[in-house]
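The values are calculated or read from the model by the stated rules, or taken from the named source; none is laboratory data. Given the structure is predicted, the values throughout are model-derived calculations rather than measurements. All Cβ positions, even for glycine, are placed from backbone atoms using ideal geometry, and neighbour counts span all protein chains on display.
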Amino acid sequence: MVGEQLTAATAPPPARWGSRRLLAGAVLFAVLVGAGLAAGTLPRLIQDRAVREQAAVNAAQPPRVAVATATRVAPDAERVLPGNALPLHEISIYPRTTGYLKWWKVDRGDHVKKGQLLAEIATPEIDAQLEQARATLLQDKANVIRAKAQEAYAIADEKRQKFAYDSLATSRNEYDLAVAAAGVASATVKATEATLKVDEANILRLETLQSFQKITADFDGVITARHIDPGALVQADTPSTTRELFHLMQTDIIRVWVYVPQTFSTAVKSGLAATVFRREDPARAFAGTVARTADALDPNTRTLLTEVHVANPDNALRPGMYLQVKFTFDRSIFPVMIPSAAIVIRSQTPTVGVLDANRAIHYRTVQLGRDYGAEVEVTVGLNPGETVAVHPGDDLPDGTVVEPVPTPTK
């Protein structure tokens, strides 16, 4: 009884016990929330601190910049330029006499030799005119004989009249008539002799026209065109209205016309070796030689017309082909070569960032030469062996110390 009374006396009231439990739960919840916040925030704070420390370290280090070395170009330069293939000789064959084509012996694609008979023209009118001219010549020769006989008679009559006049057997008038008749006879002889020369010249003209009946090749070559058939009328000396009979090309040597840019125009001279090839078959090369140049640049294109001769014994190259011609030029100026990405354009002036001995960038104004895409020539402002910055950007002011990173070589 006494114990139960004591326990009842020492036990807290029910309301106070509930408050304590609620307070203990709140404290526990606060502890759990605080632990969760600490578990999520602490690593982030640590990471942020590490990032700030790394940023400070990076800020203290110089920026890394890709660099390249300026190299001097080779003393000779190879350039491949396009060219047009032409035959060494080319002619259009027109008729030189009027008539009808009897026959032809060659056609397109046939190879012919110099002097070979190609075709023949029938000229009946010229044949008849030639026979008439020869007959006229015979007639005029007879006239010359008659005129000379008349001259001899007139001279003899003149002598008789002179003797009679001296003997006072005839009058002065008769003597003068005899003298005049002798002069006329002599003039007639000269006129008939001149007529003989005219007849001979006419015969030679007709014989020449008759010789044009046979059409022959003027040189070794290939027939590339034929525009006439047997029986067709051909007229002489009318190329504006008459189509050509044949087109003949000499192709054992090919001429290649190349337009050389002004940069290399002074290096092209007669005798310069060249290599010719077709783009579709670059493995097969043909040796060529510069035969001549125009010796003046075209003011519209600033190029020098150059003619290269190439031996073509097996007819592998055809007139009209588009060819590639490779020249090897000796340089008179030796520029340096740098990557195109090293060029910085500021205020319309090209500059290059050059690293000094302390690895500080200094921008230098340069003059550029030929642009090859990935690389560019520098003619003035840069020395071989100097180190230049590649892709320096706009955030590297002059004097910035950098950490060079060599670019990979080709």
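Scanning the range 374-394 for residues that are among the aliphatic types (A, V, I, L, M), touching a helix residue (DSSP H, G or I) at 6+ places or on another chain (Cβ under 8 Å) and assigned to a strand (DSSP E or B) yields V376, V388, A389, V390.
Considering each of A149, A135, A201 in turn, give the residue that is modelled with pLDDT under 90, more than 30 Å from I228 (Cα to Cα) and either in contact with a Gly (Cβ under 7 Å, 6 or more places away or on another chain) or of a type outside the set (D, E) (or both). Lay out the reasoning, then the answer.
On the way: A135 fails: modelled with pLDDT under 90; A201 fails: modelled with pLDDT under 90.
Going through A149, A135, A201 in turn, the sole match is A149.
I need the full set of residues from the range 365-410 which are touching an Asp or Glu at 6+ places or on another chain (Cβ under 8 Å) and surrounded by 14 or more Cβ atoms within 10 Å (Cβ to Cβ), in order please.
Filtering the range 365-410 for residues touching an Asp or Glu at 6+ places or on another chain (Cβ under 8 Å) gives 368-371, 377.
Those that are touching an Asp or Glu at 6+ places or on another chain (Cβ under 8 Å) and surrounded by 14 or more Cβ atoms within 10 Å (Cβ to Cβ): L368, G369, R370, E377.
Among residues of the range 321-364 being in contact with a helix residue (DSSP H, G or I) (Cβ under 8 Å, 6 or more places away or on another chain) and among the aromatic types (F, W, Y), the one that is surrounded by the most Cβ atoms within 10 Å (Cβ to Cβ) is F327.
For the range 266-284, how many residues meet the condition of being part of a strand (DSSP E or B), surrounded by 13 or more Cβ atoms within 10 Å (Cβ to Cβ), hydrophobic (A, V, I, L, M, F, W, C) and over 13 Å from the mean Cα position of the chain (by Cα)? So that I can check it myself, show each step before the final result.
At the first step, the residues of the range 266-284 found to be part of a strand (DSSP E or B) are 273-278, 281-284.
This time we only want the ones that are surrounded by 13 or more Cβ atoms within 10 Å (Cβ to Cβ), so: 274-278.
Cutting the leftovers down to hydrophobic (A, V, I, L, M, F, W, C) gives us 274, 276-277.
Still in the running and over 13 Å from the mean Cα position of the chain (by Cα): 274, 277.
Of the residues in the range 266-284, 2 are part of a strand (DSSP E or B), surrounded by 13 or more Cβ atoms within 10 Å (Cβ to Cβ), hydrophobic (A, V, I, L, M, F, W, C) and over 13 Å from the mean Cα position of the chain (by Cα).
From the set of residues in the range 308-317 that are crowded, with 17+ Cβ neighbours inside 10 Å and not polar (S, T, N, Q), which is farthest from M249 (Cα to Cα)? Among residues in the range 308-317 that are crowded, with 17+ Cβ neighbours inside 10 Å and not polar (S, T, N, Q), the one farthest from M249 (Cα to Cα) is V308.
Taking the listed residues A181, A236, A201, the one that is assigned by TED's automatic domain parsing to the domain that holds K141, of a type outside the set (F, W, Y) and not in a strand (DSSP E or B) is A181, with no other qualifying.
Considering I253, I228, I215, I223, which residue is in the same structural domain as Y322 (by TED's automatic domain parsing) and either of a type in the set (S, T, Y) or under 30 Å from D314 (Cα atoms) (or both)?
Numbers: I228 fails: in the same structural domain as Y322 (by TED's automatic domain parsing); I215 fails: in the same structural domain as Y322 (by TED's automatic domain parsing); I223 fails: in the same structural domain as Y322 (by TED's automatic domain parsing).
It is I253.
Across the range 215-235, a minimum of one residue is classified as touching a Gly at 6+ places or on another chain (Cβ under 6 Å) and either modelled with pLDDT under 95 or not hydrophobic (A, V, I, L, M, F, W, C) (or both).
Do we find a residue being hydroxyl-bearing (S, T, Y) and either within 40 Å of the chain's Cα centre (by Cα) or part of a strand (DSSP E or B) (or both) anywhere in the range 153-162? No, there is no match, as no residue in the range 153-162 is hydroxyl-bearing (S, T, Y) and either within 40 Å of the chain's Cα centre (by Cα) or part of a strand (DSSP E or B) (or both).
Quick test for you: out of A294, A273, A287, pick the one residue that is over 30 Å from T123 (Cα atoms) and either charged (D, E, K, R) or touching a Gly at 6+ places or on another chain (Cβ under 8 Å) (or both).
Values: A294 fails: either charged (D, E, K, R) or touching a Gly at 6+ places or on another chain (Cβ under 8 Å) (or both); A287 fails: either charged (D, E, K, R) or touching a Gly at 6+ places or on another chain (Cβ under 8 Å) (or both).
Just one listed residue meets the conditions, A273.
Any residue at all in the range 121-130 that's surrounded by 14 or more Cβ atoms within 10 Å (Cβ to Cβ) and assigned to a loop (DSSP other than H, G, I, E, B)? Yes; the residues of the range 121-130 include at least one that is surrounded by 14 or more Cβ atoms within 10 Å (Cβ to Cβ) and assigned to a loop (DSSP other than H, G, I, E, B). In the range 266-282, the residues that are within 24 Å of A296 (Cβ to Cβ) form no Cβ pair under 6 Å with any partner that is of a type in the set (S, T, Y) and part of a loop (DSSP other than H, G, I, E, B), whether six or more places apart or across chains.
Across the range 60-114, the qualifying residues are those that are among the small types (G, A, S) and in a strand (DSSP E or B), and the one among them that is modelled with the lowest pLDDT is A77.
For the structure I just gave you, tell me whether K214 is in contact (Cβ under 8 Å) with a residue 40 or more places away in the chain, within 30 Å of D252 (Cα to Cα) and surrounded by fewer than 16 Cβ atoms within 10 Å (Cβ to Cβ). For K214, the condition - in contact (Cβ under 8 Å) with a residue 40 or more places away in the chain, within 30 Å of D252 (Cα to Cα) and surrounded by fewer than 16 Cβ atoms within 10 Å (Cβ to Cβ) - is met.
Taken together, the residues in the range 152-178 that are in contact (Cβ under 8 Å) with a residue 24 or more places away in the chain and either of a type outside the set (G, A, S) or touching a Gly at 6+ places or on another chain (Cβ under 9 Å) (or both) amount to 5.
Could you please let me know if A201 is under 23 Å from G99 (Cα atoms) and loosely packed, with under 12 Cβ neighbours inside 10 Å?
Numbers: under 23 Å from G99 (Cα atoms): yes; loosely packed, with under 12 Cβ neighbours inside 10 Å: yes.
Answer is yes for this residue.
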